[in-house]
Amino acid sequence: MKACPKCETINNDNASFCIKCSESLSPAPASPVNESTYNRLGTSSTGQNATPVTKEQLLEEYLSKSYSLQKEINNKLSTIKGWMTFIGVLIILDMVATFFRTVWQGYNILF
């Protein structure tokens with residue numbers, strides 16, 4: 001008896017497809033795998049239109065993308081920090097103006 005790899009239904013030994021989900025029960029043909037080369041994401045599993053690359057190339061590509069994303073995030077954070085500083089200065093100026101306005105009004109009331 002064969003168990004379906006997808007739904008785990010028990011099927012006859014001579015069955016080619018699962019009786020429940022129609023999944024193929026025959027093992028996938030083994031493709032020769034070269035340990036030193038890989039395919040980029042987005043390519044077909046059969047290797048059609050696949051660009052073979054080494055581990056080092058994949059790592060370099062990943063680190064390059066990671067570095068550019070990090071630079072982009074840092075640029076956006078510095079912009080946000082700049083605006084937050086500007087808003088903070090405005091709040092402080094408003095507080096100082098309110099203080100002096102209150103003192104001036106209090107001074108006018110006394111005299």
Test for Leu58: is it in contact with a strand residue (DSSP E or B) (Cβ under 7 Å, 6 or more places away or on another chain) and not polar (S, T, N, Q) | yes
The range 53-63 - residue that is in contact with a Ser or Thr (Cβ under 8 Å, 6 or more places away or on another chain) and open to solvent by less than 90 Å² (accessible area, probe 1.4 Å) and, of those, modelled with the highest pLDDT = Thr54
In this structure, is Ser44 open to solvent by less than 70 Å² (accessible area, probe 1.4 Å) and at pLDDT 70 or above?
-> no
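The values are calculated or read from the model by the stated rules, or taken from the named source; none is laboratory data. In this text, all values refer to a predicted model and were calculated from it rather than measured experimentally. A quick note on method: Cβ atoms are made from the backbone with ideal geometry, for glycine too, and the neighbour counts reach across all protein chains shown. When the accessible area is computed, the model is the full protein with side chains, heavy atoms only, and any ligands, DNA or RNA have been set aside. Shrake-Rupley method; radii C 1.70, N 1.55, O 1.52, S 1.80 Å.
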